[in-house]
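Only one structure is covered here, and it is reproduced in the block below.
The values are calculated or read from the model by the stated rules, or taken from the named source; none is laboratory data. The structure displayed is predicted, hence computed values, not measured ones. When we count neighbours, we look across all protein chains shown, and the Cβ atoms used for this are built from the backbone with ideal geometry, even at glycine.
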Amino acid sequence: MAAEPTGLLQPRPTVLPPRPGPGGLSIVVTTVVSDSHTWNLVFLQLALEELGHQVRNLGPCVPAAEVIAQCLRSRPDLLVVSTVNGHGMRDGTQLIGLIRKCPELADLPVVIGGKLGIAGPAGLASSARLRSAGFDAVYEDGAGAAALRSLPVLVRAGRQL
């Protein structure tokens with residue numbers, strides 16, 4: 001039996017370090033308190049890191065108080081709320097209300113995206129309700145990579161969107 005060549009079957013690293021690019025943002029990614037899905041958060045984290053941003057992923061089912069505490073500790077440039085379970089309208093409205101009541105976070109850009117309602121696409125009325133509740137942008141399920149690439153523009157524009 002021939003000896004196996006050394007060095008040819010080296011394991012590849014499974015986790016790549018974040019590569020902050022010029023102008024990269026500090027972003028916190030979370031979901032609403034009732035949403036236990038994780039793959040959407042992992043995907044967002046990897047996609048945003050690939051675009052040169054530094055991302056802190058809080059994971060699923062994070063209580064609003066913990067989201068607020070993390071944002072106060074880390075002072076991110078942006079908070080991204082992703083939801084898959086269809087309760088983005090209800091839980092997202094509660095979350096953004098608490099964030100906007102916190103004076104230190106009143107100007108933090110916050111976006112929400114994903115499955116925002118249990119009856120399918122939430123539509124313009126739901127998007128308008130979420131924006132009037134305090135979100136700077138609302139992305140329906142399937143918004144795509146263009147939405148991720150537009151986030152730095154949103155942050156630079158401030159809350160005047």
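Sort through 83, 38, 93 and tell me the only one that's free of Cβ contacts under 8 Å to residues at least 24 places away in the same chain and either surrounded by 17 or more Cβ atoms within 10 Å (Cβ to Cβ) or farther than 22 Å from residue 155 by Cβ (or both).
On inspection, the qualifying residue turns out to be 38.
Taking residue 52 as the residue in question, decide whether it is under 11 Å from the mean Cα position of the chain (by Cα) and in a loop (DSSP other than H, G, I, E, B).
no
Confirm whether residue 116 is in a loop (DSSP other than H, G, I, E, B) and either within 16 Å of residue 130 (Cβ to Cβ) or under 14 Å from the mean Cα position of the chain (by Cα) (or both).
So residue 116 fits the description; yes.
Just to check your reading of the model, which residue among 49, 66 is closer than 19 Å to residue 154 by Cβ and out of contact with any His (no Cβ under 6 Å at 6 or more places or on another chain)?
49
Any chance segment 60-78 includes a residue that's within 17 Å of residue 113 (Cα to Cα) and surrounded by fewer than 17 Cβ atoms within 10 Å (Cβ to Cβ)?
yes
Do we find that residue 161 is more than 20 Å from residue 35 (Cα to Cα), in a loop (DSSP other than H, G, I, E, B), modelled with pLDDT of 90 or more and of a type in the set (A, V, I, L, M, F, W, C) in this structure?
Considered against the rule, which asks whether it is more than 20 Å from residue 35 (Cα to Cα), in a loop (DSSP other than H, G, I, E, B), modelled with pLDDT of 90 or more and of a type in the set (A, V, I, L, M, F, W, C), residue 161 comes out as no.
When only residues in segment 35-65 that are of a type in the set (A, V, I, L, M) and in contact with a Leu (Cβ under 6 Å, 6 or more places away or on another chain) count, which is nearest to residue 25 (Cα to Cα)?
My answer is 55.
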